[in-house]
Every structure is written in structure tokens, then in C-alpha cells.
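The values are calculated or read from the model by the stated rules, or taken from the named source; none is laboratory data. The model shown is predicted, which means the values in this text are computed figures rather than measured ones. All Cβ positions, glycine included, derive from the backbone under ideal geometry; neighbour counts span all protein chains shown. We work out accessible area using only protein heavy atoms, side chains counted, and drop any ligands, DNA or RNA first. Shrake-Rupley method; radii C 1.70, N 1.55, O 1.52, S 1.80 Å.
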Amino acid sequence: MQKQHQISLWYIVFAVLAVIMIRDFVTEYRDVRTVGYSDFLVMLADKQVDDLVVGPGRITGTIRGAEKGSAGRFVTERVEPGLAAMLTQTGVRFTGQPEPGLLGQVLGWVVPSLVFIALWMFLLRPMMAGGGGLMSVGRSRAKVFVETDVKVTFADVAGVDEAKLELQEIVAFLRNPAEYGRLGARMPRGILLVGPPGTGKTMLARAVAGEAGVPFFSISGSEFVEMFVGVGAARVRDLFEQARQRAPAIIFIDELDALGRARGAFPAAGGGHDEKEQTLNQLLSELDGFDTREGVVLLAATNRPEILDPALLRAGRFDRQILVDRPDRAGRAQILAVHLPRIRIGPDIEADAIAALTPGFSGADLATLVNEAALLATRRGAAATAMADFTEAIERVVAGLEKKHRLLNLAERRAVACHELGHALVARCLPGSDSVHKVSIIPRGIGALGYTIQRPTEDRYLMTRAELENKMAVLLGGRAAEAVLIGEISTGAADDLVKATDIARSMVMRYGMAEDLGQVAYEDEVPRFLDTAMPAASPRQFGDRTADRIDMAVRALVDTAFARAENLVRHHAGQIEGAMAVLLEKETLTEDDIARLLPASGPADPA
């Protein structure tokens, strides 16, 4: 209300100034005739003027003998006396340049001032924290959600039961800090949620605030760092101060790796930046300085824990790490049970059946899958979403969009069909391989001219050497089929070769599965949830001779896998030819078609 009164007062002030300016303008220039300076000199010589008012740039007066009601007053602009005398001698009619009036003088300083204020408001204001002036640059930009704003609870978070159990005691502490610490126990000062993208780390943090019914301060790690040195540290101090004032409360820092990157370890990625280091140092100081009995809990999330500063993860700071991993089959079914009621589904939809088709999917992937299936059903005009829509949505998420208008010539279509059926045959013949769900020669995604989808029967966490060898053989089955049935290999196996080589190299260097190299690991496994290139943590720990033996062992594993696949293709060449004719005609083979056209067993491995 006070602000409205202030605005009204400003309107009144501007209105009064405008009235005064208009009145002065009308008063000054009403019934006034402007004459040239040369005419004024003539009038002055003829003694036709009276009541002169001489100003620094203007002369005003009246004309003698003027009739009442006529323009008896006049005004003229002065000209420098010496110049005026010279011009008078030449007989040229001349006048002076008028000075700006009161309105022009006012606008002369008002308009630049308004332009400056506009630039300040629209260009410099975004640099301020909330636009509260220069002193607010160091204020925290955290979004504060009060108790009634946080609608998420643990019931909305599925598939991460272990993480929810770990966070239950945080909820109990926030609800009653005194009761929870009656035996002298204290809560961890910092809790770090670690896991791949899309697994629900942010939602878990909000669920803790929703269950506890406390204010929730949410901010991203990148929002602390600005171009001004010292601003990030000031924001960290302000954030913790605000949380203490509203305790019990939760501080949640998302993408902590943007703020807590190891100091000096990654110079190419921005390490050593003064502002980042000062901000991190201030965060470390705040973690040491605040008492959990005040009712403030710090939660953070990252998908790159390997690059965090060791000082941030030591005991007494972020001394509890909770892994929020991709859900298993039961967890995926729970997540689908949360999302499926939001769309209209048909009677053939079962969450467990969809969960079996989506190994490796995160919670965000499953939410996208449900939405994609609903969009597909809407596009075909169905009354409800069917299982076929989910199958198509899974293929779209995994392999990309269909490109039915990409035309391949007959030789290319035959090569693609042979390649994909080679994968399918080897997968059906080798024991322990995932079942083949679909084979298609319809191009999808970027560069995929065909695809073979395998469906695991269960979630696996360990694989034996035999299973890894079978997996390599399945990957090389496409190239083996091209070599045997077409007599020439193509570029279609590029991705298969990369994956098979990666498996072989991991078997030799990480899993110690090369017989002539002993039970030695030649590569350190760094826990990493993002598939990004990371700088080497340490130089190679083995010599050149060992490196040569590693290369030979990797090549031997890949060559053996290709020979096994080639032997299977030669033994079942007739069945593959028959299946190729059907695939070229139908473009897609279902699981039942594959079971009918291809055998489920093969010959013994080649010697």
C-alpha cells in the first residue's frame, strides 16, 4: 500500500512540473512577434521600439504606436555586435540562432538521465542478486520453498528404496532435533547424493523437505560463481545465514561438481580459478563451522564424484554418500506404477512386462517412455495406450526415430538384412545370450541402417568370462554373416568392432582374464557416471613389452570371437538365406518370426 502511495506522489510531482512548464511557455510566447536582428536594428534607428529587455542572447520589447490587441511585443535573437555592424553595412537581412527554451533546457538534462537510468535497470540489474542494488551482488540466489510449496514426498519417489531408508533418519532429525540427539548422536553435516543423471537425486532431496515439512533452499553449484572475485564466497555465507535464521531447514546444492571441483587437478577444465577456489574454501569453512544441532542439513547431488575435491569428501564435511543408482526390474516396475496412472492405459498394460523390456533405464527415462507411448497412441487416434505403443516408444528411445523415407538400393538392403540376421543367429545359438526381441532393416537414429533388439531375461550384475566371450561373438556375428554370405565386408560393423574391442580390452586390463598375463589389473577403474573423456590420473604402470602382450591378448580374444561367429554362420547359412528373404519382404521380424526362421542351437566351437 505504501508503494502505491509513493507512485501516486510521483505522478502528482510530474503533473505539477508539466503544468508549470506549459504555463511558462504559453505566457512567454503568447502575442509575441519574432523579428530578425537586422530588422530590429532598423527599428532601433527609427526609434520604433520601447521597453527593451536585453538578455545575454535575446532582446525583448514593445513596438511604439502598436494598436491594442495586435502583436505589440517582439523578440529577437542577439548577434555579436561587431559581426552585426559588418552585416549591416552589407545590407544583408540577418537574425540570430535562438537559444533553447525552458522546455528544451529541461529535456536536455532529463532525457539523458532517463537513458542512463534505463541502461542501469536493464543492463546492470541482472548482475545484482534480485535487483536490490549493488550491495545485493553477494546475496544468495537460492530458491526458497516454504513448507507448503514442497509437494513431493517419499511416495512420489520409487525404485530407490535403499536411498529412501538412508534419508528417513534425516526426516526424523528435522522433525525433532532434540529428541533425535538425546543419546548424544549428531547428524552428518553433509549428505552427498551420487548417481547417474536422471535417477531422482533432486526429487529425493525435495521429498526429504516435503516429509519433514521444513523450508527448502535449492540452488545450483554454478550460481555461486560470478565474474567478480569474492561474490561466490559471499553468497555461500549468505545462504548458510538464511538457513540458520529459518532452521530447521534443508540446503540443497545441485550439480556440486560445478563448485567443488578438485583444486589444481584439472587446469584445462578451469582449475585454479581464484573465484572458484575462494567459493570452495568458503563452503569448506561453513561445513566446519555450523552445528547440526541448529537444525540445518546440507544435501548435495552430483553425477561426477571422481572430480570432487578430497577436502570436500573427508569425514566431518560430506561424510555420508548415498548412491542413487539406476533401478532394477522391481524398481522400474515401481516407477512405472507411479507414472502409468497419469495416462489412459489399455487392459494389456502391465508395469512388470514394461520393466522387463527396459533394462538400464533411469527414472527420467521411464517418465519419458510413458509420455512417448501416450503421444504415439494419441497420434494414431486410439482411445487408450496399448502395449504396442510402449514397444514402439522403447525402440524410439533406444534406437531413435524411424526413417522410412531413407531409400537404400537392393544391394545395401541385402547387406543390412544379412548383417542383422547374423547378430540374431549367433545370439540364438550361444547359451546365456539375451533373447532376440526384434530384427528390422528400417533405418533409425543417426547412421543406423538396421537394428537387432535383445531383451535380457533378468538384471545381471556379474558376468563370467564365457558370457563376455559370447557377447563379443554376438557383436561380430553381423560382420561374419557379411563375410560368409555376401563375400565382402562393409562399414556397417564399425560400432560393433568398437564395442567388441572395449570388452576384450576390459577383460585383459581390468578383469585379469588373459591367461598369459596373470591375475593383474593394468587399468584402474574410476567410478564415473558420465561417459566423458577424463584426463589420465596417473602415467602407465607397465612397460612396453607388457603393452605389446596386452595388444596381442586383446586381438586374440576378438579374433577368436569372430571365428566362433563365422563358424555358426557357415553352419546355418541356409536358414539365414531363408530368413533374409522374409526380412527383405516384411522389413521387421518379431520374436515369434525369429523363433520360427532361425535355429536355437549351433555346432561346437572351432578348434
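Restricting attention to region 35-55, report how many residues are among the aliphatic types (A, V, I, L, M), outside any helix (DSSP H, G or I) and open to solvent by 50 Å² or more (accessible area, probe 1.4 Å).
Quick first cut of region 35-55, residues among the aliphatic types (A, V, I, L, M) only: 35, 41-45, 49, 52-54.
The next check asks that each one be outside any helix (DSSP H, G or I); those that pass are 35, 49, 52-54.
Those still in the list that are open to solvent by 50 Å² or more (accessible area, probe 1.4 Å) too: 52-54.
Qualifying residue count, region 35-55: 3.
Sort out which residues of region 521-580 are at pLDDT 90 or above and basic (Lys, Arg), and write them in order of number.
Within region 521-580, ARG549, ARG555, ARG564, ARG570 meet the criteria.
Name the residue, out of ASP365, ASP434, that is of a type outside the set (S, T, N, Q) and over 26 Å from the mean Cα position of the chain (by Cα). Before you say what the answer is, go through the steps one by one.
Values: ASP365 fails: over 26 Å from the mean Cα position of the chain (by Cα).
Exactly one of ASP365, ASP434 is of a type outside the set (S, T, N, Q) and over 26 Å from the mean Cα position of the chain (by Cα), namely ASP434.
For region 571-590, which residues satisfy the criterion of being of a type in the set (A, V, I, L, M) and more than 12 Å from ALA481 (Cα to Cα)? Walk me through it before giving the result.
Taking region 571-590 as the starting set, the residues that turn out to be of a type in the set (A, V, I, L, M) are 573, 576, 579-584, 589.
ALA579, ALA581, VAL582, LEU583, LEU584, LEU589, listed by residue number.
Given the criteria in a loop (DSSP other than H, G, I, E, B), surrounded by fewer than 19 Cβ atoms within 10 Å (Cβ to Cβ) and either at pLDDT below 85 or of a type in the set (A, V, I, L, M, F, W, C) (or both), does ALA172 qualify? Give the steps one after another, and end with the answer.
Numbers: in a loop (DSSP other than H, G, I, E, B): no; surrounded by fewer than 19 Cβ atoms within 10 Å (Cβ to Cβ): yes; either at pLDDT below 85 or of a type in the set (A, V, I, L, M, F, W, C) (or both): yes.
Spelling it out, it is not the case that ALA172 is in a loop (DSSP other than H, G, I, E, B), surrounded by fewer than 19 Cβ atoms within 10 Å (Cβ to Cβ) and either at pLDDT below 85 or of a type in the set (A, V, I, L, M, F, W, C) (or both).
Please determine whether any residue of region 291-299 is out of contact with any helix residue (DSSP H, G or I) (no Cβ under 8 Å at 6 or more places or on another chain), surrounded by fewer than 21 Cβ atoms within 10 Å (Cβ to Cβ) and in a loop (DSSP other than H, G, I, E, B).
Yes, region 291-299 has at least one match.
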